[in-house]
Amino acid sequence: MVLFFQLLIDGLASGAIYASLALALVLIFRATRIVNFGQGEMATLSAYCAWQLCEWGLPVALSFLIVGAASFLLGVFVFRAVIKPVSKAPVETIVVITLGLFVFFQSLCLWLWRADQRAFPAMFPSGGWDILGVRVTASALCILLVLLCLAATMGAIFRFTRLGLAMRASAYSSEKSLLVGIRVERMLMLGWGFAATIGFIAAVLVGPRLFLSPTMMLPILLYALASATLGGWDSPLGALVGGLIVGVAESLGATFLPFIGADLRVVIPIAVTLVILLVRPVGLFGSSTVVKV
Amino acid sequence: MNILTVRDLCAGYGATDVLHKVSFTVEQGSIVALLGANGAGKTTILRALSGLLPSRGLVEFGGTDLRQCSPARRVELGLAQIPQGRGTFGDFTVEENLAIGAYTINSKRQIKEDMERWYTAFPRLAERRRQQSGNLSGGEQQMLALARALMSRPKLLMCDEPSLGLAPAITEQIFEIFKSLNHDHGMTLLVVEQNADLTLQFAHTAYVLEAGDITVSGPASDLLRNEAVQQSYLGV
Amino acid sequence: MRLPTLIKAPLALQALVFAMLTAAPARAEEPSAGITDDTVKIGISGPLTGPVAALGAIADGVRTRTDPINVAGGVRMADGKTRKIELLVEDDGLDPQRTLTNVRKLVEREEVLAVVATAGTPNNQAIGRYINQRGIPNLFMYSGVHELAGPEWEIGFVPSFTTEAATFAKYLLDNKRQAKVALLYLNTETGQTFQAALESAISDSGVTIVAAQPVTSADPTVETQLSTLKASGADTLVVITGPRQGAEAVRFATESGWKPTTLISNIAASIASLKPAGLENAKGVITSQFLKQVNASMPGDDVGVKRYLADHAAAQSKFSTEDALGQSGYAIGDALVKVLESMKAPTREAMMEAARNLDHAQLDLLLPGITLTTKTGEDVYPIESLQLFQFDGAAYQPMGDVISFEGKTPRH
Amino acid sequence: MNGTRLFQSAPAALVTAVALCLPFLAPDFMLFEFSIAVCYGIAILGLNLLLGFSGQICLAQGALFGIGAYATAILNVNFGMDPIATLPFAAIITSLIGVLIGLPALRLQGLQLAIVTFGVASAFPQLLLKMDWITGGVTGLATDQPLAPKWFPGSQELWLYGLSLICAAISVFMLRRLLRGDTGRLMRALRDNPLIAESLGVNLTKARLAAFAASSALAGLGGGLFCILNGFISPQSFLPMKSIDILIGGIVGGITSMAGAFIGAVFIVFVPGWTTDINPALGGLIYGLCLIAMMMVARQGIAGLPIGRSLQALGGIFNKKDLSRVPGPLPGQLGGE
């Protein structure tokens, strides 16, 4: 029984990791209706930059601040340079372009910092507590709390602010948005910028757990996609809850379902995705229009 | 006084022009109808006026040359359009639609007042203010689209085929609203329609568009009696 | 029990390959392609890009050894001529199919004499038939499994996983006779070979494997597996995984308050790769090594290490001096030089002959007491000794002497 | 229909001509690489059918390719079948499994289908490892090499290359028949607008499953051929990135063009190698840039580039019909409204 609860906690901890990337994916989808396969790799680049600044002797907080702002610019730049010129192109084209971003940023990190894994400066204490034999680590708890705040803030921005509404509108239909006086391109640009910053925050949160390496985000991509689907693609809180469910399902399933086992745990996010899509295609928190996408 | 002056307007998609030097004017405080068959270029005119399409020729709105203005700027200047297919945001709630309609308005108080005003005018929308607009009926959506456009306090409201897909009774209701907007609030309207019969009853002035050119123009009451128009559009 | 099926395929393969070999034409004593009077061309195919690009350090390590030699004039070979080594490196992203394409390109277009340091078990498997048919030496494969698809023309380098398993077993049998072992293993040939060898080495003893959990390279984290292993009540953790999972295991042991005796395979145990987990957490970790510990800031007075550091600087190598993969590459380059030196004729056959009859060849970076020894037909394992080390929070300290399995590497 | 045919035959003629000239131009090892490209080309052809003609995005094509490869290997190793004789079976087996994967596709679209199929691609190598009693696990499987018959004058490589070309020709021929028949019309209706297609009484289920079956059969055939060419396969060759590569090949070549399928295949086989040849450290970087630039310049894929278009125009001299590309709304949308 202790093992069960331990695995539950472990699942939540890994779920928080999936949720962090899912959050960035959801943000960019919400703001531009694009699934950016290169999102994780852009975040990795930001994380490396932050690490490099720390290595050069800047205080951690300052370098995070600088890189957070730089990430925003990176997102804006990528949008202007690569996405905007093809905004009228078929979706497959955009998919391949984001795959190109994925390859590009991964190779860039590999070229600049090589493949060795590195220690990312941890923001949270490393200890933990034993509660009735179940170990709860401080860092996992902190990540969860930060993500919760982040998701709630994002949700509130989209729901209640003029800016959020305008971003959602631009993503929904650029033409209709132009007709109500929204500067659509600026909104899409902001969307990419914010998503890149959220991606960086995600990388900062999970960096110490996954270690810094050019491919650190690769294994969690599928899990993040599953989390976002489960939560409904347009809900930040949904992405968080989705991530946690995927994490727990994976942790428990890999251990207690003998025919799956730890070596086939990758089928769990797929199964979860499939079930939710067949039962409730909009995800747990999604709105109906996403289905038609 | 003309609120809108269009002279030698050319616009189209890609290399081919749909409009060939169209010229017309809209008088302040009037209802102007733009009639024409499918594909005559009516929607193209509206899109060019809103800045969604690149165009050549003079477009002057309230004394401002619109050619240098972005679509957003045109809305700020008081040009609103209800596009074909309503122009509401399906995954927004009714209230969010109204809020986004007022995107160019900076005064919170004014937004609140306007919202209440249109809720009073369209009680159906007030009842459904928290619902997703995608789930509304066609008539309700058209009302929402109208309210959404009015939230920006336009000087000229352009409306593309408001009757499309609506039951005749509801269409009539919409036109009644247009009339009262014009009459009570002094709003200028430019209505694009295929349903010439009904439109001409409400409009003051009308233009008939054929293959990218204006062929007939004049007071609506004259056009109602014009034989050519009767044959082509009124099914007489 | 996966063992039987594992053996079946290579056997079928070998029979097949043998049938083909007999059909291969005999070669005369004239020089093979890829070797002239002043140069010898050697090809390398390895992952320079993709998720396992870290393995690219191996190719760079080989270059680190050969570049300075070329600058000094070349290798003096046993036929009396001095030749420079021309290295050609191709990227395969660890995709076996691309390895085969690369090797074909290297052999047919670039006309290399041999390929060295091909990384990955399936990758070496994939080129086995080709190198056998063409008679191309595939020297010092970077694979912990040594008998693959081209037995006549291939030779491994790093100790077999079975050797490492035997070393770990010996440690437990000597020091912890009642150990309850939890095993975290990479779900590939690596882990399976190791697990089987460990099981057979501890049979009939007090040491038991109480739990085993697989990890795959695609797993985001291994915490679930570790929690399960911890819950099994084991007091010893054996980790046979890549560097990332190894470091995670070390950190987990601390974070979770579980303090087992931890034995980590040398694939994952380099200090650089443990650093992200926090070096204080890695204190007490035991590993087995065949390479010397290199510390660039305190080189000590070891001649081999000094030469390595000098070469590393001269060749402007891209990997860090402490990178175990780069060091392995350097050692492979060193071994290649040894083979070239003892080649009696400029042919591929002579090269294979030389590689298969190494007699206690010493390499700069091998631990004192560990040498390369092979014998045609009898001994295909160059390195069969390992030494146990324990991490003291700053460096690895040796535990006892080199443990040698010379001539008795357990088969798998 | 005539117009479409001619439009296709212009770049197609070029590709065919190049393919036939290759044995005289390329050395053996390059012929081998081109044979590999042909395998991928056949799989991409299948993806084109799914994505370009029926509007379903599938990221599991690499896994299906792998199933074909394993079908050939298992039939050869365990049942002693001649490798070439296994090819039809590889196609059929893969087709059946493809239909299984296609079943959820009946209810999923666009992004959702992409994620689920990407999941399948991710799980595939692990499944191969798990089923090691038949797949040989990580050790992989080695198959017999189909030696060139005695009467064949050319080299072994030429024989294999010829074999690949024949498979490709058969695939193209079958695909054309399929697209011209009722099923093809059905699929196009499906892509252009599923809702309208349904209201017109088109049997959605049948059309979608047919698309999956045919597409998977092609992937299986390509995979089987891939296994024969390499003589050895292991899970390491069928990682999820392979599916992504195949998708990239399809889109780079041009998703509604048969000739484009093979152009795209050549792209994914050769370009990564070239870019690392330019600079090993920057290889991936250049490849990524190539990919992005390519999509920005040629949104319709290489087969839609001006060269392709001028070729079409050339064809137009003989046929006065308008040769515009098959238009249609975007299939399998991942974004956009």
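The values are calculated or read from the model by the stated rules, or taken from the named source; none is laboratory data. Keep in mind that this is a model prediction, so the values were computed, not measured. Note: ideal-geometry Cβ built from the backbone for every residue, glycine included; neighbour counts use all protein chains shown. What goes into the accessible areas is simple: the full protein's heavy atoms, side chains included, and nothing from ligands, DNA or RNA. Shrake-Rupley method; radii C 1.70, N 1.55, O 1.52, S 1.80 Å.
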*asked:* Condition check: under 30 Å from C:GLN133 (Cβ atoms) and either under 20 Å from the mean Cα position of the chain (by Cα) or open to solvent by 20 Å² or more (accessible area, probe 1.4 Å) (or both). Does C:LYS408 satisfy that?
replied: no
*Out of curiosity, is C:ASP364 under 21 Å from C:ALA117 (Cβ atoms), acidic (Asp, Glu), in the same structural domain as C:ASP301 (by TED's automatic domain parsing) and open to solvent by less than 10 Å² (accessible area, probe 1.4 Å)?*
no
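Mind checking whether some residue in region D:99-118 is away from chain A (no Cβ under 14 Å) and of a type outside the set (D, E, K, R)?
Yes: region D:99-118 contains one or more residues that are away from chain A (no Cβ under 14 Å) and of a type outside the set (D, E, K, R).
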*asked:* Going by what's in this entry, would D:GLY162 be described as at negative phi and surrounded by 24 or more Cβ atoms within 10 Å (Cβ to Cβ)?
replied: no
_Residue tally, condition within 24 Å of C:LEU173 (Cα to Cα) and either in contact with a strand residue (DSSP E or B) (Cβ under 6 Å, 6 or more places away or on another chain) or more than 9 Å from chain A (Cβ to nearest Cβ) (or both), over region C:245-290_ = 24
*Taking region C:101-133, which residues are in contact (Cβ under 8 Å) with a residue 40 or more places away in the chain, in contact with a helix residue (DSSP H, G or I) (Cβ under 8 Å, 6 or more places away or on another chain) and more than 10 Å from every other protein chain (Cβ to nearest Cβ)?*
C:VAL112, C:LEU113, C:ALA114, C:VAL115, C:VAL116, C:ALA117, C:THR118, C:ALA119, C:ASN132
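Of these, D:PHE262, D:PHE270, which one is aromatic (Phe, Trp, Tyr), in contact (Cβ under 8 Å) with a residue 12 or more places away in the chain and under 23 Å from A:VAL91 (Cα atoms)?
Only one candidate qualifies: D:PHE262.
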*Quick one: in region C:57-94, which of the residues that are free of Cβ contacts under 8 Å to residues at least 24 places away in the same chain and of a type outside the set (A, V, I, L, M, F, W, C) is nearest to the other protein chains (Cβ to nearest Cβ)?*
C:ASN70
*With region B:24-137 as the region, which strands (runs of 3 or more DSSP E) entirely inside it contain at least 2 residues that are surrounded by fewer than 22 Cβ atoms within 10 Å (Cβ to Cβ) and away from chain A (no Cβ under 14 Å)?*
B:55-61
*Which ones in region C:185-214 are of a type in the set (A, V, I, L, M), in contact with a Pro (Cβ under 8 Å, 6 or more places away or on another chain) and closer than 24 Å to C:ARG244 by Cβ?*
C:LEU186, C:ALA197
*Please go through region A:40-73 and pick out each residue that is among the polar types (S, T, N, Q) and open to solvent by less than 30 Å² (accessible area, probe 1.4 Å).*
A:THR44, A:SER46, A:SER63, A:SER71
*Among the residues of region B:169-207, which ones are open to solvent by less than 30 Å² (accessible area, probe 1.4 Å), under 21 Å from B:GLY85 (Cβ atoms) and of a type in the set (S, T, N, Q)?*
B:THR171, B:THR199
*asked:* So for region D:106-115 (the condition being modelled with pLDDT under 85, farther than 22 Å from D:ALA73 by Cβ and surrounded by fewer than 17 Cβ atoms within 10 Å (Cβ to Cβ)), does at least one residue qualify?
replied: yes
_Matching residues in region A:264-286 - criterion: being open to solvent by 10 Å² or more (accessible area, probe 1.4 Å) and assigned to a helix (DSSP H, G or I)_ = A:LEU264, A:VAL267, A:ILE268, A:ILE270, A:ALA271, A:VAL272, A:LEU274, A:VAL275, A:ILE276, A:LEU278, A:VAL279
*Identify, from the list A:ILE34, A:ILE83, the residue that is closer than 25 Å to A:SER235 by Cβ and in a loop (DSSP other than H, G, I, E, B).*
A:ILE34
*What number of residues within region C:254-274 satisfy the criterion of being within 16 Å of C:ALA212 (Cα to Cα) and either hydrophobic (A, V, I, L, M, F, W, C) or not in a loop (DSSP other than H, G, I, E, B) (or both)?*
4
*Collect the residues in region C:372-412 that are touching a residue at least 40 places away in the same chain (Cβ under 8 Å) and outside any loop (DSSP other than H, G, I, E, B), keeping them in residue-number order.*
C:SER385, C:LEU386, C:GLN387, C:LEU388, C:PHE389, C:GLN390, C:PHE391, C:TYR396, C:MET399, C:ILE403
*Failed condition for D:SER155, given (1) more than 14 Å from chain A (Cβ to nearest Cβ); (2) within 30 Å of C:GLY120 (Cβ to Cβ); (3) buried (at least 18 other Cβ atoms within 10 Å of the Cβ), with all others met?*
(3)
*Check A:LEU179, A:LEU212 and return the single one that is within 14 Å of chain B (Cβ to nearest Cβ) and more than 17 Å from A:ALA13 (Cα to Cα).*
A:LEU179
*Across region D:264-300, which residue is farthest from the other protein chains (Cβ to nearest Cβ) among those that are within 21 Å of D:SER54 (Cα to Cα) and assigned to a helix (DSSP H, G or I)?*
D:ALA265
*Near pairs, Cβ below 7 angstrom, 6+ apart or cross-chain, from region A:100-114 (facing chain D (nearest Cβ under 7 Å)) to any residue that is open to solvent by 30 Å² or more (accessible area, probe 1.4 Å) and in a helix (DSSP H, G or I)*: A:PHE104/D:LEU289; A:TRP111/D:ALA281; A:TRP111/D:LEU282
*In region D:25-42, how many residues are at the interface with chain C (Cβ under 10 Å from one of its Cβ atoms) and open to solvent by 10 Å² or more (accessible area, probe 1.4 Å)?*
4
*If you go through region D:203-253, how many residues are within 12 Å of C:GLN97 (Cα to Cα) and of a type in the set (Lys, Arg)?*
1
*If you go through region A:22-38 one residue at a time, do you hit one that is within 14 Å of chain D (Cβ to nearest Cβ), closer than 24 Å to A:THR137 by Cα and not acidic (Asp, Glu)?*
yes
*For region A:127-134, does any single residue satisfy the condition of being of a type in the set (Phe, Trp, Tyr), closer than 24 Å to A:LEU240 by Cβ, open to solvent by 20 Å² or more (accessible area, probe 1.4 Å) and part of a helix (DSSP H, G or I)?*
no
*Quick one: D:LEU45 ticks every box in (1) within 11 Å of chain A (Cβ to nearest Cβ); (2) part of a helix (DSSP H, G or I); (3) crowded, with 24+ Cβ neighbours inside 10 Å bar one, so which box is it?*
(1)
*Kindly establish whether A:SER170 is within 14 Å of chain B (Cβ to nearest Cβ), of a type in the set (Gly, Ala, Ser) and in contact (Cβ under 8 Å) with a residue 24 or more places away in the chain.*
yes
*Taking region C:344-357 as the region of interest, how many residues are open to solvent by 10 Å² or more (accessible area, probe 1.4 Å) and not in a helix (DSSP H, G or I)?*
5
